[in-house]
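Heads up, the thing below is written out as structure tokens.
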Amino acid sequence: MKRYEFILSSRKEIDFLDITKQINELVTKEEIKCGMVNIFIPHTTAGVTINECADPNVINDLKFAFRKLSPKLREYLHSEGNSDAHLSSTLVGCSLNIPIENSSLLLGTWQGVFFCEFDGPRNRKVIVTIY
């Protein structure tokens, strides 16, 4: 088992960053023929998901939808004013497990791994464990 960390810098309040290449490079480096990779985001206003990486409009649509699903409301009780980001993070989740086959992520043709920022811009940590 091997553990890695890297830092990302989001650019917008809601931002989806394709981290597929970074994750795949770590998996390839370990030369694991068959295994798993876990991607964990240790933040309460960010997450990680798998979605289409071919058409950037998919990500634009997701950003639009999250603004609708998790609006900024005065009625939230959390004093920091970012309850909408906490809600979005909960909807997405903070970790993923992806199978490894022949030292590569076993993703579908159009799938990519996306770090999801909901309270940016910020610097964020990504923890990757390969086993």
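The values are calculated or read from the model by the stated rules, or taken from the named source; none is laboratory data. What you are looking at is a predicted structure, and each value in this text was computed from that prediction instead of being measured. Methodologically, a virtual Cβ is constructed for each residue, glycine included, from the backbone with ideal geometry; neighbour enumeration extends over all protein chains shown. All accessible areas refer to the heavy atoms of the entire protein, side chains included, with ligands and DNA or RNA removed. Shrake-Rupley method; radii C 1.70, N 1.55, O 1.52, S 1.80 Å.
With respect to (1) modelled with pLDDT under 95; (2) closer than 17 Å to Lys63 by Cα; (3) hydroxyl-bearing (Ser, Thr, Tyr), the lone exception for Ser79 is condition (2). Among the candidates Ile98, Ile23, Ile32, the residue that is aliphatic (A, V, I, L, M) and assigned to a strand (DSSP E or B) is uniquely Ile98. Answer yes or no as to whether Phe118 is open to solvent by less than 30 Å² (accessible area, probe 1.4 Å), farther than 30 Å from Met1 by Cα and among the hydrophobic types (A, V, I, L, M, F, W, C). Considered against the rule, which asks whether it is open to solvent by less than 30 Å² (accessible area, probe 1.4 Å), farther than 30 Å from Met1 by Cα and among the hydrophobic types (A, V, I, L, M, F, W, C), Phe118 comes out as yes. Pairing residues of region 82-106 that are closer than 22 Å to Ser10 by Cβ with residues that are open to solvent by less than 30 Å² (accessible area, probe 1.4 Å) and small (Gly, Ala, Ser), at Cβ distances under 7 Å and at least 6 apart in sequence or on separate chains, gives Asp84/Ser70; Leu87/Ser70; Ser88/Ser70; Ser89/Ala46; Ser89/Gly47; Val92/Gly47; Gly93/Gly47; Cys94/Gly47. Taking residues in region 51-80 that are more than 19 Å from Ser10 (Cβ to Cβ) and touching a residue at least 24 places away in the same chain (Cβ under 8 Å), and partners anywhere that are β-branched (Val, Ile, Thr) and surrounded by 12 or more Cβ atoms within 10 Å (Cβ to Cβ), the pairs with Cβ atoms closer than 6 Å and at least 6 places apart or on different chains are Glu52/Val58.
Within region 69-95, if we keep just the residues that are in a helix (DSSP H, G or I) and not aliphatic (A, V, I, L, M), the residue that is farthest from the chain's Cα centre (by Cα) turns out to be Ser83. Filtering region 35-49 to residues that are assigned to a strand (DSSP E or B) and closer than 16 Å to Glu117 by Cβ leaves Ile39, Phe40, Ala46, Gly47, Val48, Thr49. The lone criterion from (1) part of a loop (DSSP other than H, G, I, E, B); (2) hydrophobic (A, V, I, L, M, F, W, C); (3) closer than 25 Å to Ile127 by Cβ left unmet by Phe66 is number (1). When you go through (1) touching a strand residue (DSSP E or B) at 6+ places or on another chain (Cβ under 6 Å); (2) under 20 Å from Ser10 (Cα atoms) one by one for Pro121, which number turns out not to apply? It is condition (1) that Pro121 fails.
Across region 1-47, the qualifying residues are those that are of a type in the set (Ser, Thr, Tyr) and either out of contact with any strand residue (DSSP E or B) (no Cβ under 7 Å at 6 or more places or on another chain) or open to solvent by 60 Å² or more (accessible area, probe 1.4 Å) (or both), and the one among them that is modelled with the lowest pLDDT is Thr28.
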